[in-house]
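Notes follow once the structure below has been shown.
What follows draws every value from the coordinates through simple rules; no lab data is involved. Small disclaimer: the values here were computed from a predicted structure and weren't measured. Positions of Cβ are backbone-derived with ideal geometry, glycine not excepted, and every protein chain shown enters the neighbour counts.
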Amino acid sequence: MSTPSASASAAPQGAHPPLLELQGIRLAFKAVRAVEDVSFKVRRHEICAVIGPNGAGKSSILNIVSGVYRPDAGSVAFDGERRSHMLPRQTAQQGIARTFQNIAVFKGMSVLENLLTGTTLRFESSWLEQLLWLGRAKGAERREREHAERVLEFLELQPYRDAPVGRLAYGLQKRVELGRALAAAPQLLLLDEPMAGMNASEKQSMSEAILDVNRQLGTTIVLIEHDMRVVMDISDHVVVLDHGRVVGDGTPDEVRQNPDVLRAYLGSRRQAAQTQSQSAASDITDPPDASAILAASAPAASAASAAPAPSPASIAAST
Amino acid sequence: MLYSEAGQLSTDYLHGARRFRLRQERLEVLAVLVIAFVAVPAFADDYWLTAILIPFSILALAGLGLNLLTGFAGQLSVGSAGFMAVGAYTAYNVLLRLPGVPLLLAFALGGVAAAIAGVLAGLPSLRIKGFYLVVTTLAAQFFIEWVFTRFRWFSNDNASGLVSVPRLVVLGRDASSPLGRYLLTLSVVVALTALALNIPKSELGRRWMAVRDMDTAAAVIGIPVLRTKLLAFAISSFYCGVAGALWGFTYLGTFDPRAWELSRSFQILFIIIIGGMGSIMGSFLGSAFMLLVPIAMSHAGSALLGGSVDQGAIENYKKILFGLLIVAFLIREPGGLARLLRRARDRARIWPLRSW
Amino acid sequence: MNFFLETLIGGLLAGVLYSMVAIGFVLIYKASGVFNFAQGSLLLFAALTFVSLTERGFSFWVAFLLTLATMAVVAVLIERFLLRPLVARSPITLFMATLGLSYIIEGVAQALWGADVHGLDLGIDDVPFPIGPISVSRFDLIAAATAGLLVVGLALFAGRSRLGLSLRAVADDPLAALSLGVRLPKIWRWVWTLAGLVGLIAGLFWGSRSGVQFSLSLVVLKAMPVLVIGGFDSIAGALVGGLIVGASEKLAEVYIGEIVGGGIENWFPYALAIASLMVRPAGLFGERAIERV
C-alpha cells in the first residue's frame with residue numbers, strides 16, 4: 001500500500017467536540033465480562049481502528065454504539081447527545097450506519113436493491129402511495145435510485161447492479177454491505193472486520209474504498225480489523241482492547257510502541273500459549289459456531305503469527 | 001433472434017425498474033389481456049368459464065395474497081383460508097344487512113375486514129419468528145373456522161349453516177351468468193394484480209424483502225420491523241379477503257364454513273410453492289397447475305385405463321403427486337415454475353446462442 | 001369438587017396421549033432440526049400397517065415387529081430422498097417439505113388400505129378404575145404408564161447408549177458432531193425409525209381409542225401447541241406440555257365451553273400456545289436460541 005501514513009490526516013484538533021465518546025462502558029454476558037470500563041473518544045472525520053486479540057470485546061463495543069446491545073453501565077455520547085442506550089433504529093436515525101462481521105446483506109435482493117434499502121429512513125412516500133404508484137411515490141423512488149446509483153458508481157459495483165447478492169463473491173458482498181451503509185449518508189460508519197476473509201487484492205480495494213469514503217465524503221469511521229498492516233496504514237487513531245479493557249489509545253505510532261499493547265499481543269513466550277487458549281475459552285464475541293470460529297481465527301492467525309516473533313522495532317520497519 | 005432487446009435501453013432510473021420494460025413483454029401482457037377479455041368470452045363454453053377459469057383466477061389472487069406475505073415478507077402463514085372466509089362472510093353480511101351497498105364495495109369491505117383479522121393474527125410476529133408463525137396463523141385459522149361455525153348470525157341464522165349469495169349486480173348490470181361472473185372476477189383480479197405489480201420495485205416491497213432476508217439487519221438500518229410485518233399481514237389478508245368474497249360469490253354461490261378449512265390454506269400454500277414464492281407471476285402459474293393437473297390426470301386415467309376412473313383414486317394420486325411435487329420443487333427449484341419459466345425465457349433471449 | 005378432579009385427571013390422562021405423539025416430534029426436532037409435519041401421517045401409516053397385519057391373522061407381537069421394520073424402511077427412504085437433499089436449507093423450507101411428505105404418505109396409505117375405519121383392539125378395556133373417590137379409566141392409566149416407560153426408556157437411551165450420545169451431539173451442534181466423525185445420515189435414519197416406533201405406540205393407543213382412520217393424522221395439529229408450550233427439543237417438555245394441554249383443554253371445554261358454546265378444543269390449546277410463546281418463547285423446557293449478529 002503506497003498511501004502515506006494516515007496520522008497526517010485533516011482532522012482538526014480541539015475546536016470541535018468528539019463525534020463519538022464512550023464513557024465507562026461495561027457489559028457482561030452472564031458470567032463472561034465482555035467489556036470492562038471502556039472509555040475513548042473518536043474525533044470527527046477521523047478513521048479510528050479498534051484492535052485487540054479475539055475475545056477482547058471489539059464487536060461488543062460496535063454493537064453497543066449501534067444499539068444492538070445494551071451496556072450494563074456507562075454511556076455513549078454521539079454528536080453531543082449522551083445516552084445509555086438507543087434502539088438500533090434510533091442510532092440509524094441519528095446518522096450511524098454499520099456493517100457486520102458475518103455479512104448481513106439481503107441475499108434475496110439485487111445489489112442495487114440492497115443499496116436502496118440503505119435509503120429507507122429518507123424515503124418520502126407512504127406505502128399507500130407506493131401501492132397505487134402515485135406521483136409522490138414515483139418522485140421519491142426516482143430520487144433515491146439516483147442516489148443509490150451514485151453509491152454504486154463510487155464503489156465500482158456497476159457490473160453487478162442487478163445480480164442477486166447471494167450469488168456474488170464474498171469480497172463483493174462486503175462491498176455491497178459497505179454501499180448499503182453509505183447509501184444512508186451517515187455521519188459515523190462502523191465497520192466490523194471489513195477485510196475478514198479477503199485476499200490481498202480485495203483488501204487493497206476495500207482499503208482504498210474506505211479511504212475514499214473518509215477523504216471524499218468526510219465520513220467518520222470506526223473499524224474493527226485484525227490485519228495490522230491495514231490498520232497502521234489507514235487509521236488516524238487506534239484503540240487497543242484486551243479482555244474488555246483499553247490497553248492502548250493513540251496514534252498508530254504511539255500504540256505500536258506501547259508496552260501494554262505489546263504484552264497484550266505478544267506476551268512472553270510462556271504466556272503466549274496460555275493467552276491464546278484463554279482467549280479462545282473466553283471467546284464471547286464469537287458464537288459456539290464452528291464456521292464462525294474458523295472464519296474469525298483466520299485473520300487472527302495472521303495477526304498472531306505476525307506478532308509474536310518480530311521485535312517492536314521490526315514491526316515499525318515493516319510498515 | 002427470437003427475442004431481441006437491442007436498442008431498448010432505459011434513460012430514466014424509474015423506467016429501468018419497470019416490470020415489463022421490454023416491448024416484447026408489454027406485447028405479451030397485452031396479448032394475454034386481449035385473450036382474457038375478448039377471445040375467451042367469445043369462444044369459451046360455460047364449463048370452461050365456471051369450472052376452470054373462474055376458480056383459476058380466484059385461487060391465483062389468493063395465492064398472490066399469500067405470496068405477498070410469505071414470499072416477499074417471509075412470514076409463513078397457513079391461515080389464508082381463514083382470511084378468505086372473513087372476506088366472504090363480511091361481504092355477504094354487508095349485502096344482507098346494509099341495503100344499497102354496491103357489490104364491489106361489499107367485496108372491498110370484505111377485504112378490509114380480512115385485513116384487520118390479518119393484523120390481529122400478525123401481532124405476535126414481533127416476538128415470534130420463522131417457523132413459529134405456523135402456530136399463530138394456525139390458531140387464527142382454527143379460531144376463524146370456529147367463529148363462523150359457532151355463531152349462526154353470520155350465516156343469517158340458517159339452520160343448515162349454508163348461505164346463498166344474492167343475485168350479482170355490478171354497476172346496474174346483471175352479472176349472474178357464467179360470462180358475467182367470469183368478467184367480474186377477471187376485472188377484480190386484474191386490477192388487484194396491477195397494483196401488486198407496483199410492490200417489488202417500491203420501498204414497500206424492499207422493506208418486506210429486507211425483513212424476510214434478515215430482520216435484525218433491517219432493524220439496524222432503520223426499517224420499522226413490526227410495522228412492516230403488520231402491513232404485510234394487512235395487505236396480504238386484504239387480497240385473500242377479496243379472493244374469498246369472489247370465491248363465495250362468483251364461484252360457489254352457496255357456501256358454509258367448510259369451504260374455508262385448513263386444507264384450503266394448504267392448497268394455497270402449495271400453489272405458491274409450486275408456482276414460485278416471491279413471484280407474482282408464480283401465483284398464476286401455480287394456480288393453473290393446481291387446477292389443470294387433476295383434470296389432466298383424470299383424462300389420462302380414463303385414456304389409459306379405459307372408461308371413467310374412480311374419483312377417490314384420483315384424489316389419492318393427486319395427493320401423492322402434489323406431495324412429490326412440493327418436495328421436488330423445494331429440493332430442485334425453490335423458485336418454482338416462475339423460475340423455470342424465467343430460465344427458459346433467458347435462454348430465448350440469447351437464442352440461437354447457447355447458455356452462459 | 002369431585003367432578004372438577006375427575007375432569008382434571010381425565011384431562012391429564014388425555015394429555016398423556018398427546019405427550020406420546022409429541023415425543024416423536026421432539027426426537028426428530030433434536031436430530032434434524034425440523035418440525036416434522038408428517039409425524040401424524042407416519043403415525044397413521046404405522047397404525048394402518050399394524051391393523052392390516054393383525055386383520056390378516058398375525059399375532060400382536062409379530063405384527064408389531066413387522067410394522068417396526070416397515071417404519072425403518074420408511075425412515076431410510078425419508079433420509080435419502082428428503083433430508084439429505086435439503087440438508088442446508090432453512091427450517092421453513094424443511095417444514096414445507098414435511099408438509100409435502102405428509103401428503104405423500106397419506107396418499108399412499110389411502111391407496112393401499114382405502115379410507116375405511118379400522119377397529120383396533122389392544123385388549124385393554126376402557127372401564128372405570130376407582131382410585132379413592134374418583135373414577136379413572138383403566139385405559140388411560142395404562143396409557144400413562146406406557147408413556148412414562150417411554151420417557152424413561154428414551155432418557156436412558158440418550159444418556160447411556162453410544163447412539164444416544166451421538167444424537168445429543170448432533171442436536172447440540174451438527175457441525176461439531178460431523179467434525180468428530182458422527183455420520184449424520186446414519187443418525188437420522190435411526191432417529192426417524194425411533195420416531196416411527198414412538199408413532200406406532202402412540203398410534204396403537206389412539207387407534208384403540210377412536211379407531212384407525214384418517215383423522216388420526218391430524219394429531220399433528222394437536223401436538224404443535226404441546227411442543228410450543230413444552231419446548232420443541234425437550235422430551236420432558238413434551239410430557240409436561242401434553243399434560244398441560246390435555247388438562248386445560250378438558251377444563252376449558254367443560255367450564256368455558258358452557259359460556260361460549262362448544263367446539264373450542266380446536267383453537268384453545270393454540271391460544272395457550274401463543275400466550276406461552278409471548279412469555280417464554282423457547283417453551284418451558286426448551287433451550288433459548290440466541291440470534292447472532
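General remarks:
- Order of B:Glu315, A:Glu146 under a 10 Å beta carbon neighbour criterion, fewest first: A:Glu146, B:Glu315
- Normalised Debye scattering of chain C at q = 0.09 Å⁻¹ gives log10 I(q)/I(0) of -0.43, counting only Cα atoms as equal scatterers and leaving out solvent.
- Look at the stretch A:94-103: the mean tally of other chain Cβ atoms within 10 Å of its residues' Cβ atoms is 2.
- Average projection, convex hull of the Cα set of chain B: 21.4 square nanometres.
- Each helix, a run of at least 4 DSSP H residues, gives -39500 (n - 2.57); summed and divided by the residues of chain C, these come to -23000 deg cm²/dmol at 222 nm.
- Arranged from fewest to most other beta-carbon atoms within 10 Å of their beta carbon, A:Asp72, B:Asp12 become B:Asp12, A:Asp72.
- Within the listed set C:Phe25, C:Phe50, C:Phe81, the Gaussian network model of chain C (springs between alpha-carbon atoms below 10 Å) gives the highest mean-square fluctuation for C:Phe81.
- C-alpha center-to-center spacing [region B:174-215, region C:220-241] in angstrom: 38 Å
- Per-residue mean of C-beta atoms belonging to partner chains within 10 Å, peptide B:322-333: 6
- For region A:105-185, the alpha-carbon coordinates run over 37, 22, 19 Å along the three principal axes, in decreasing order.
- Flagged links, alpha-carbon separation over 20 Å, of A:Lys107/A:Lys174; A:Lys174/A:Lys203; A:Lys107/C:Lys30; B:Lys201/B:Lys229; B:Lys319/C:Lys222: A:Lys107/C:Lys30; B:Lys319/C:Lys222
- Estimated purely from DSSP H runs of n ≥ 4, each contributing -39500 (n - 2.57), the mean residue ellipticity at 222 nm for chain B is -20500 deg cm²/dmol once divided by its residues.
- Under Karplus coefficients 6.51, -1.76 and 1.60, residue-wise ³J(HN,Hα) of region C:243-252 in Hz, glycine/proline x: 5, 4, 5, x, 5, 5, 4, 4, 5, 5
- Overall shape of region C:160-293 was characterised from the C-alpha gyration tensor. The equivalent ellipsoid obtained from it has semi-axes of 33, 21, 11 Å, in decreasing order.
- Counting Cβ atoms of other protein chains within 10 Å of each residue's Cβ and taking the mean over peptide C:89-102 gives 6.
- Straight-line cross-link partners of A:Lys30 among the lysines, defined as a Cα under 20 Å from its Cα and at least 8 positions apart when in the same chain: A:Lys58.
- Taken about its Cα centre, the protein assembly as shown carries a charge dipole of about 1020 debye when Lys and Arg each add +1 at the Cβ and Asp and Glu each add -1 at the Cβ.
- From least to most packed, judged by other beta carbons within 10 angstrom and beginning with the fewest, B:Phe233, B:Phe20, B:Phe131 follow the order B:Phe20, B:Phe131, B:Phe233.
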